[in-house]
Amino acid sequence: MHDDNVAGRARVVETPELAAFYRALAQHEAGALWTVANDIEPWEPKPHAIPMLWSYEALRPMVLQSLELVRPEDAGRRVVMLVNPKRRDVSAAVGWLYTGIQVMKPGEAASAHRHMASALRFIIEGSGAYTVVDGERLTLQANDFVITPNGTWHEHGNDGGTSPCIWQDGLDIPLINALEANFYQVHPELHQSVARPVNASHLAYGNPALKPLEPDWRKPYSPLLKFSWERTYEALSHYAGVTDGSPFDGVVMEYVNPLTGGSVMPTMGAQMQMLRGGESTRAHRHTGNVIYHVAKGSGHSVIGGTGFDWKEHDIFCVPSWTWHEHANASASDDACLFSFNDFPVMKSLAIYHEQAYVPNDGHQAY
Ligand code: GTQ
């Protein structure tokens, strides 16, 4: 698309003298910038990851099979991770984001640990699932969203349930490793003691537009750790009644830190969007990577010129600076997409950038 053979771009023609010069530099662990300048300063972002969709229907039997193959005591976490073929080297599903599907049998409890990577969960199936984050036990239902900010002790289990619990994990492990800042600790007692009432943060901070007048909170992440599907869907449904929505995302709301209105964690943000019956969006692209989870309904997305059909609990990704648009398959029922992203990183470093797709009424050919 762009021609590098223009004034201001590197276009040095190699000669035997230059080749000898490069070899001499290399002996001193040095090099000539103009040999790599066009690669390291691309005209626009070039994502490594490719657009992908992981079918829940295809993966679910294997997720359940893992129940019989490994125990959480041995595996640490029993997770089928989703890997982008172009990001295998960093265990990322897209960009610098990791995702996986974790499963626990009734009665199982995984031990507590903490790390510098931040984590989030989106619950897929099963009741009886719980997670304990910094001494608070949170009970989990399908489509609930939970955060495990960096540095917080966390452990998960399934008690009281009669069927396995399955949820999606999202972590910024690849980013924190790229920044060479990861730490990992196992809890000295394997399990934390529960120090706060069950669902305490949900009760204190999960009330619509009401916050405690004197919040006892100084940490850089949301004091609200669980966002229930019930309240999220209710909020989206109400909002859908009074907005035209975004031309690119339909009716979209961000899960936020209720004290600041900012992202739930410093490195990862999350959203839930509703595509109303018959709705299809226009394409846009932005810096920052996104992993989607189909919370409700079915439809398709066109990502980088490739069409992906999706249905409930499928997971798909949109790499940075890749055109994408979404369509609901139903003319009457809404479809809902949960997503998490690295936008807080992009925004806090002032490198978030967005562009609308103009040709063909905003729709990619595919
Ligand atoms: O539950 O803490 O899928 O540490 C990957 C790494 C889950 C977790 C993952 C983790 C976790």
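The values are calculated or read from the model by the stated rules, or taken from the named source; none is laboratory data. Remember, predicted model here, so these are calculated numbers, not experimental data. For neighbour counting, all protein chains shown are included, and Cβ atoms are generated from backbone atoms with ideal geometry for every residue, glycine included.
Can you tell which of Met104, Met81 is of a type in the set (A, V, I, L, M, F, W, C) and under 16 Å from Tyr292 (Cα atoms)? Give the derivation first.
Values: Met104 fails: under 16 Å from Tyr292 (Cα atoms).
Selected residue: Met81, the only one of Met104, Met81 that is of a type in the set (A, V, I, L, M, F, W, C) and under 16 Å from Tyr292 (Cα atoms).
Does the stretch 335-347 contain any residue that is at positive phi and buried (at least 18 other Cβ atoms within 10 Å of the Cβ)? Reasoning before the result, please.
Here is the first cut: in the stretch 335-347, the ones at positive phi are none.
Scanning the stretch 335-347 turns up no residue that is at positive phi and buried (at least 18 other Cβ atoms within 10 Å of the Cβ).
Could you say which residue among Ser118, Ser111, Ser66 is more than 21 Å from Ala181 (Cβ to Cβ) and in contact with a Leu (Cβ under 9 Å, 6 or more places away or on another chain)?
On the way: Ser118 fails: more than 21 Å from Ala181 (Cβ to Cβ); Ser66 fails: in contact with a Leu (Cβ under 9 Å, 6 or more places away or on another chain).
Criteria check complete, one pass: Ser111.
So which of Ile123, Ile101 is more than 12 Å from the ligand (Cβ to nearest atom) and within 16 Å of the chain's Cα centre (by Cα)? I'd like the intermediate steps shown before the answer.
Details: Ile101 fails: more than 12 Å from the ligand (Cβ to nearest atom).
Result of the check over Ile123, Ile101: Ile123.
Does the stretch 59-92 hold any residues that are outside any strand (DSSP E or B), of a type outside the set (Val, Ile, Thr) and in contact with a Phe, Trp or Tyr (Cβ under 8 Å, 6 or more places away or on another chain), and which are they? Before the answer, list the steps.
Just the residues of the stretch 59-92 that are outside any strand (DSSP E or B), to begin with: 59-78, 83-92.
Going one step further and asking which of them are of a type outside the set (Val, Ile, Thr), we end up with 59-62, 64-69, 71-78, 84-89, 91-92.
The answer is Ser91, Ala92.
Only one of these conditions is not met by Gly161: (1) assigned to a strand (DSSP E or B); (2) modelled with pLDDT under 95; (3) not acidic (Asp, Glu). Which number is it?
Failing condition for Gly161: (1).
Considering only the stretch 222-247, how many residues are polar (S, T, N, Q) and touching a strand residue (DSSP E or B) at 6+ places or on another chain (Cβ under 7 Å)? Before you say what the answer is, go through the steps one by one.
Just the residues of the stretch 222-247 that are polar (S, T, N, Q), to begin with: 222, 228, 232, 237, 243, 246.
Among the residues that remain, those that are also touching a strand residue (DSSP E or B) at 6+ places or on another chain (Cβ under 7 Å) are: 222, 232, 243, 246.
Final tally of qualifying residues: 4.
Would you check which residues across the stretch 234-272 are in contact with a helix residue (DSSP H, G or I) (Cβ under 8 Å, 6 or more places away or on another chain), within 23 Å of Gly304 (Cβ to Cβ) and assigned to a strand (DSSP E or B) and list them? I'd like the intermediate steps shown before the answer.
Taking the stretch 234-272 and keeping what is in contact with a helix residue (DSSP H, G or I) (Cβ under 8 Å, 6 or more places away or on another chain), we get 247, 251, 253, 255, 258-259, 262-263, 265-269, 272.
Among the residues that remain, those that are also within 23 Å of Gly304 (Cβ to Cβ) are: 247, 268-269.
Within the stretch 234-272, Gly269 is the sole residue that qualifies.
Go through the stretch 297-366 and tell me which strands (runs of 3 or more DSSP E), entirely inside it, have 1 or more residues that are among the aliphatic types (A, V, I, L, M), within 20 Å of Arg87 (Cβ to Cβ) and in contact with a Pro (Cβ under 9 Å, 6 or more places away or on another chain).
Values: elements: 299-303, 306-310, 315-318, 324-328, 335-341, 354-356.
Counting at least 1 such residues, we get 299-303, 315-318.
Which of the residues belonging to the stretch 88-98 are within 15 Å of the ligand (Cβ to nearest atom) and either touching a helix residue (DSSP H, G or I) at 6+ places or on another chain (Cβ under 8 Å) or farther than 21 Å from Gly304 by Cβ (or both)?
Val90, Ser91, Ala92, Trp96, Leu97, Tyr98
Determine if the stretch 270-281 includes at least one residue that is within 25 Å of Val345 (Cα to Cα), hydroxyl-bearing (Ser, Thr, Tyr) and touching a residue at least 40 places away in the same chain (Cβ under 8 Å). Talk me through it step by step, then tell me what you get.
Kept after step one, since they are within 25 Å of Val345 (Cα to Cα), are these residues of the stretch 270-281: 270-274.
Next, from what is left, pick out any that are hydroxyl-bearing (Ser, Thr, Tyr): none.
There is no residue in the stretch 270-281 that is within 25 Å of Val345 (Cα to Cα), hydroxyl-bearing (Ser, Thr, Tyr) and touching a residue at least 40 places away in the same chain (Cβ under 8 Å).
Which members of the stretch 150-184 meet the condition of being under 17 Å from Val103 (Cβ atoms) and either within 10 Å of the ligand (Cβ to nearest atom) or hydroxyl-bearing (Ser, Thr, Tyr) (or both)? Show your work before the answer.
Taking the stretch 150-184 and keeping what is under 17 Å from Val103 (Cβ atoms), we get 154-171.
Once the filter is applied, which keeps residues that are under 17 Å from Val103 (Cβ atoms) and either within 10 Å of the ligand (Cβ to nearest atom) or hydroxyl-bearing (Ser, Thr, Tyr) (or both), the stretch 150-184 yields His154, Glu155, His156, Thr162, Ser163, Trp167, Gln168, Asp169, Gly170, Leu171.
When only residues in the stretch 36-77 that are within 24 Å of Val318 (Cβ to Cβ) and of a type in the set (Gly, Ala, Ser) count, which is surrounded by the most Cβ atoms within 10 Å (Cβ to Cβ)?
Selected residue: Ala49.
If I ask for residues that are of a type in the set (Val, Ile, Thr) and either touching a residue at least 12 places away in the same chain (Cβ under 8 Å) or within 30 Å of His286 (Cα to Cα) (or both), which ones from the stretch 47-83 would you list?
Start the filter on the stretch 47-83 by keeping residues that are of a type in the set (Val, Ile, Thr), which leaves 50, 63, 70, 79-80, 83.
Residues satisfying the conditions are Ile50, Val63, Val79, Val80, Val83.
Which condition number in (1) surrounded by 14 or more Cβ atoms within 10 Å (Cβ to Cβ); (2) outside any helix (DSSP H, G or I); (3) modelled with pLDDT under 95 is the one that Lys219 fails?
So Lys219 meets the others, but not (1).
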